[in-house]
1. How about the stretch 316-424: which helices (runs of 4 or more DSSP H) wholly inside it have at least 2 residues that are assigned by TED's automatic domain parsing to the domain that holds residue 80 and closer than 22 Å to residue 287 by Cα?
2. State all residues of the stretch 11-38 that are surrounded by 13 or more Cβ atoms within 10 Å (Cβ to Cβ) and of a type outside the set (A, V, I, L, M, F, W, C); if no residue qualifies, say none.
3. Can you find, within the stretch 240-266, the residue that is modelled with the lowest pLDDT among those that are among the β-branched types (Val, Ile, Thr), buried (at least 16 other Cβ atoms within 10 Å of the Cβ) and within 27 Å of the chain's Cα centre (by Cα)?
4. Could you look through the stretch 274-312, keep only residues that are under 18 Å from the mean Cα position of the chain (by Cα) and among the aliphatic types (A, V, I, L, M), and pick out the one that is modelled with the highest pLDDT?
5. Inspect all residues belonging to the stretch 507-526 and state whether any of them is touching a Pro at 6+ places or on another chain (Cβ under 8 Å) and closer than 24 Å to residue 384 by Cα.
6. Quick check: is even one residue across the stretch 133-156 surrounded by fewer than 18 Cβ atoms within 10 Å (Cβ to Cβ) and among the aliphatic types (A, V, I, L, M)?
7. Of everything in the stretch 478-501 that's under 12 Å from residue 514 (Cα atoms) and within 27 Å of the chain's Cα centre (by Cα), which residue is surrounded by the fewest Cβ atoms within 10 Å (Cβ to Cβ)?
8. Pairs needed: first member in the stretch 171-191, outside the structural domain of residue 150 (by TED's automatic domain parsing); second member anywhere, surrounded by 14 or more Cβ atoms within 10 Å (Cβ to Cβ) and among the basic types (Lys, Arg); C-beta distance under 7 Å; at least 6 residues apart or different chains.
Amino acid sequence: MNEELLEQLKAKVRKLPMQPGVYLMKDASGTIIYVGKAKLLKNRVSSYFRAIDKHLPKVYKMVQNVADFEYIVTDSEFEALVLECSLIKLHSPKYNILLKDDKGYSYIRISPGEYPRITAELQKNEDGATYLGPYTSSFVTGQTVDEANKAFMLPTCNRKFPQDFRKERPCLNYHLKQCMGVCQGKISVEEYREVLDQAIAFIHQGSGAIIGVLENKMNEYAENLEFEKAARYRDRINAIKRISQRQKVVFSRVDTQDVLGFVQGEEDTACSLLRFRGGRLVDKEDFLLGEVSDLKEARSEFLARYYQLPDKIPPVIAIDGEFEDPGLISGLLSERLGKKVHISIPQRGDQHKLVQMALTNCAQKLSHQSRRSGREIAALDELAKLLGLPKPPAYIEAYDISNIGSETVVAGMVVFQDGRPLKSAYKKFQIKTVEGTDDYASMREVIGRRLNRYEEESPAESGFGRLPDLILLDGGQGHVNTVLPVIASFGLEIPVFGMVKDDRHRTRAISSDGGEISISALRSVYTLISSIQEEVHRFAIGYSRTKHRKGAFESTLTTIEGVGPTRAKMLFREFKSTKGISQASVERLQAVRGMNRQAAENVYRFYHPEVEADGEQKNAKDLTQG
């Protein structure tokens, strides 16, 4: 944005009233690219044109494209919210969240042939198969097919029947009583067709209606003393009851509700909505919201825009975190529904578990967009929420000080990118300015040296030229407090936390300058932090042991006549170990930089004392044979 345009916009902002209303940002072509509401128009709009470089990426990009803006004054903030929703729906501005869902029609396919299969499909083809549907929810379609196949023990493998009869042993599903074992060739086409028809009836009518039919059949066979057939029906009835019970998630306190979870990725944000009706999970919708700069704002905008129609609004909504203007949003949805809508942020109990289920689905949705697993995405998102970070930390550096006595003090730095170790970025530090074993002073030195390298190498996409999104220190609050002033002295703001262990050396909590944060109840965060702490400890102590062994070897070598610290260091660098040096010939030893013939012979004799004992019978040529 050029200075002249910026000054024009600022001049226009100064004329705005201190009243509630809606503002519409426009680009050079006059297209509306963002719609927002404000409690005080002047204050809100002016914030976009102050310290532009400090805006989050999405806001910065939007402001760079603003050529003009318009505004509409309203009587109240509530009216502004209603108008904002209406204008966003009308114009679909580029920088408002777009609510792109994964909805599409789904079908249940019954394949042709003597032994048809039941599968869930996303489209209907002209392939001779029978299709049921369309259904609006792919989630419910997949769940229904899975229930039907398991309840009626229908095959789900890739074998073709009757061609593959008795060619292989039955699969695991047969032994788990989840498949009737058609592959054995003992199920006739007529028997299979009867079971298939019952499965289709189950899909059409639900478990309640089909159980009655099956019970009548079971009793009929039992009365005719056909106990084997009666037993098959009994097992089928039990399977349906078992599956129905397992799939049915019931909470007596909440009969009708929606559960929402939001997870931020690096380039996209996902929302998962779980819909419960009659106490049962009946549908799931996933949405990709694009790049989101403020998760609180995104939650608020989603609630206001998704629940536009009364038939979509449940009386209870559980959501995973705070959202902007909770009173306004609750009032808006209550007005639309015609009765009170309760929006809660569960912290424990069954409702909290449902929110976690929604978050897991969010993470899985994002994992399809990247090479990261759903578990890694969920862990980083949960860690960001726990630590109050603006977004999940994609690039984490962790540090640990390790020493074996006061002679060997070192530090290790490990890097986790997208929740995984990035071993190419690991770094080792030998402490140079601290005497003795002072962990705090050593950590100050390491962080200072690391940030000095940043100033030398930035901007870069890797190595020291890249700043971390989060620094973790193996230690408690004292380590955090000692490092924060170092970072501040460079004019940087990097979140720093400690990793605290219990008496058994297991990760217990995260430490900040404000105290400890428990992570034991957050499984994904606990697993991630434990992995980072174990890895940085392993790396640091491994380096410490190597340095200690090297120092001990070099000390031993300096006892040999003609070998000082410099020659000892060069020998160790060349041969890596005592064993390597001891097995080297005089010629190999002499070839090391800085060595001469006499020193090489002295080193050889040190490791081969028998040469010294038989010295009169040996000659210089013998010494070279190792």
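1. Result: empty, no element qualifies.
2. 12, 19, 20, 21, 23, 26, 27, 31, 34, 36, 37
3. Per the stated criteria, the residue is 263.
4. Out of the qualifying residues, it is 295.
5. No, every residue in the stretch 507-526 fails to be touching a Pro at 6+ places or on another chain (Cβ under 8 Å) and closer than 24 Å to residue 384 by Cα.
6. Checked the stretch 133-156: at least one residue is surrounded by fewer than 18 Cβ atoms within 10 Å (Cβ to Cβ) and among the aliphatic types (A, V, I, L, M).
7. From the stretch 478-501, those under 12 Å from residue 514 (Cα atoms) are 478, 480-481, 496-498; that's our starting set.
Okay, now just the ones that are also within 27 Å of the chain's Cα centre (by Cα), so 480, 496-498.
Numbers: 480: 21, 496: 23, 497: 24, 498: 24.
It comes out as 480.
8. none
The values are calculated or read from the model by the stated rules, or taken from the named source; none is laboratory data. Everything quoted here is computed from the prediction, not taken from an experiment. Note that each Cβ is placed from the backbone with ideal geometry, even for glycine, and that neighbours are counted across all protein chains shown.
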